[in-house]
1. Which one of THR123, THR112, THR196 is farthest out on the positive end of the charge dipole of the chain, using unit charges on Cβ (Lys, Arg +1; Asp, Glu -1) and the Cα centre as origin?
2. For the chain, count all C-alpha to C-alpha pairs, find those more than 25 Å apart, and express that count as a whole percent of the total.
3. Looking at the chain, which longest stretch skips every one of the GluC sites (Glu not before Pro) that is in a DSSP loop with at most 15 other Cβ atoms within 10 Å, leaving the sites themselves out?
4. By how many degrees, 0 to 90 and rounded to 10, does the Cα axis of helix 58-70 deviate from the longest principal axis of the chain?
5. Where Lys and Arg each count +1 and Asp and Glu each count -1, what net charge lies around SER86 among other residues with Cβ under 12 Å from its Cβ?
6. So how far apart, in nm, are the two label points at SER93 and ALA262 if each is 7 Å from Cα heading toward Cβ?
7. When the chain is fully extended, how far beyond the present Cα-Cα distance does LYS111 get from ALA176, taking 0.36 nm per residue of separation?
8. Once the Cα gyration tensor of region 32-125 is diagonalised, what are the square roots of 5 times its eigenvalues, in whole Å and ordered largest first, as equivalent ellipsoid semi-axes?
Amino acid sequence: MTKVAVLATATALSFGVAAPAGAEVAVTALPAASMEAVLKAAQIDPRRADSALTPGAKDSVLLVEQALAAKGLLDQQYVDGHFGTSTINGYSSYQKSLGYTGIDASGLPGKTSLEKLGEGRYTVTAVVSAGSRLTYHGKTMNTRTKAMLVKAEALLGRQLTITQGSYNPGGVGASAGTHDGGGALDIGVEGMSSATRTDVARKLRQVGFAAWVRTPAQGFAYHIHAIALSDPDLSSGAQHQAGDYYLGYNGLAGRGSDDGPAVTPKLTWEEYQRS
């Protein structure tokens, strides 16, 4: 196809008339926003003490911020590739404009809202799906969380006891709302030695959970608290715990140093499956 034919086609289309017979339409590909990258930044960046960028996320976050700014939901000064509190608030406002409420309007991007926001501006790649809600070991969770748990159990060679599942608003008060959405589990450790508890937390971390052994010294009965990294259904509290895990904290309000087993690198479920 000649340049003249391309120009003729583009001109014809711009005036709403038929393109010349046999003409091909030249289409410019839209840039791609990685949902995996955006979700990671949306967990980590609001918990940073500075405006540092999450490695590998800048280009995707910029596309989202530019779209929010174009809708008047984010001041141009915050279009910087850092998915901080201002971007979270802007994205929450966009979700509310779509009719979302509660956890669905927390500012944590989901596939549908990302795609709607990007119409005509970007495409969404590396989609992360929570899947449907189901019951496993007697507790509610989503498909993605179950798959992660099943893999951890296979690595451990044992089944785990779930004492609190996901989508449990108004559940255990000490959980501070982290179980209101998806991706959150409490695991019983009765009869486990200290070494076994640590190994369970390690295996959970390996497959993509932020996992900590909670202790009486912290004000809890012994159990393991686990948050599925990058679950798009995370509550705000769980989202903050995921970010703190990446930044080396223990997921508690005091933001003490991470006291769990070291796992390097810290992978999401999708990254683990590709490793």
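Laboratory data are not the source of any read-out in this text; all were calculated from the coordinates shown. Values in this document were obtained by computation on a predicted structure and should not be read as measured data. Reconstructed Cβ throughout: ideal geometry from the backbone, glycine too, with neighbour counts over all protein chains shown.
1. THR196
2. Here the long-distance tail beyond 25 Å is 50 percent of all Cα pairs in the chain.
3. 25-118
4. 60
5. Here the count lands on -4.
6. With each label placed 7 Å out from Cα toward Cβ, I get 4.3 nm.
7. Between LYS111 and ALA176, full extension yields an extra 20.8 nm.
8. Values: eigenvalues 62, 42, 32 Å².
Largest first, region 32-125 gives 18, 15, 13 Å.
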